[in-house]
1. Among the residues in the stretch 43-62, are any without any contact (Cβ under 8 Å) to a residue 12 or more places away in the chain and either more than 19 Å from Thr97 (Cβ to Cβ) or surrounded by 15 or more Cβ atoms within 10 Å (Cβ to Cβ) (or both)?
2. Pick from Leu129, Leu146, Leu117: which is closer than 23 Å to Leu85 by Cα and either buried (at least 21 other Cβ atoms within 10 Å of the Cβ) or basic (Lys, Arg) (or both)?
3. Suppose the filter is surrounded by fewer than 22 Cβ atoms within 10 Å (Cβ to Cβ) and within 12 Å of the chain's Cα centre (by Cα); does Asp20 pass it?
4. Could you grab me the full set of residues in the stretch 122-149 that are under 20 Å from Ala93 (Cβ atoms) and not hydrophobic (A, V, I, L, M, F, W, C)?
5. As an exercise: evaluate Phe12 against (1) modelled with pLDDT under 95; (2) within 15 Å of the chain's Cα centre (by Cα); (3) crowded, with 17+ Cβ neighbours inside 10 Å and give the number of the one condition it does not meet.
6. Among Leu91, Leu134, Leu107, which is the only one that is under 26 Å from Gln46 (Cα atoms), in the same structural domain as Ala169 (by TED's automatic domain parsing) and among the hydrophobic types (A, V, I, L, M, F, W, C)?
Amino acid sequence: MGWSEVAFSALFGLAATLRDREDHAAAAGALARALEVCERAGLIAQQIQTASARAVVLAAEGDVEAAREAAEQAADLAARVPYPLGEAAGLEAQGATTPGAEGVAKLHEAAERWGSLGRVLDAARCDLLAGHALREIDAEAGCAALEAARAAFERLGVVHLAERARALAAG
């Protein structure tokens, strides 16, 4: 592993921590720096994941236009590079930035892809995003998705995200 991969891993991990603390602006900044590392070093697979994560964070922050641009970047890269993790990440980004039932469907598809790759934490995160979006369309279905995400997070020992899912279902 070279220094570029180390720098990417550190920035991507920092962004995940900041995202989980709901500091979306700082997470987006760390992801922008991780994206620069990927572009300079030619880390295409990591670039797909980073653009996707950035799209999700920017959408949560309310920067819809920038989120859609990042999702488009992730989807374009994923379409050019046969990389299953990138495909799942691209779907997640598209789902997080597409309003309504279409976005929820993409998030469900992303969760299935993540699950088939053994990435259950990523799948649960998609369920959390889908449940949050579904609450506006169908409160009962949204609460069911949030409950599924809560249970998955608890099984994985990710207590803070289980609590977030519980709070979203209640609120």
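1. Our first condition is that a residue be without any contact (Cβ under 8 Å) to a residue 12 or more places away in the chain; within the stretch 43-62, this holds for 62.
After this cut, where a residue has to be either more than 19 Å from Thr97 (Cβ to Cβ) or surrounded by 15 or more Cβ atoms within 10 Å (Cβ to Cβ) (or both) as well, the list is none.
No, the stretch 43-62 has no match at all.
2. Leu129
3. Working: surrounded by fewer than 22 Cβ atoms within 10 Å (Cβ to Cβ): yes; within 12 Å of the chain's Cα centre (by Cα): yes.
Yes, satisfied.
4. Asp122, Arg125, Asp127, Gly131, His132, Glu136
5. (1)
6. Just a single option satisfies the conditions, and that option is Leu107.
The values are calculated or read from the model by the stated rules, or taken from the named source; none is laboratory data. Just so you know, these numbers come straight off a predicted model, no measurement behind them. Glycine gets a Cβ as well: all are built from the backbone with ideal geometry, and neighbour counts include every protein chain shown.
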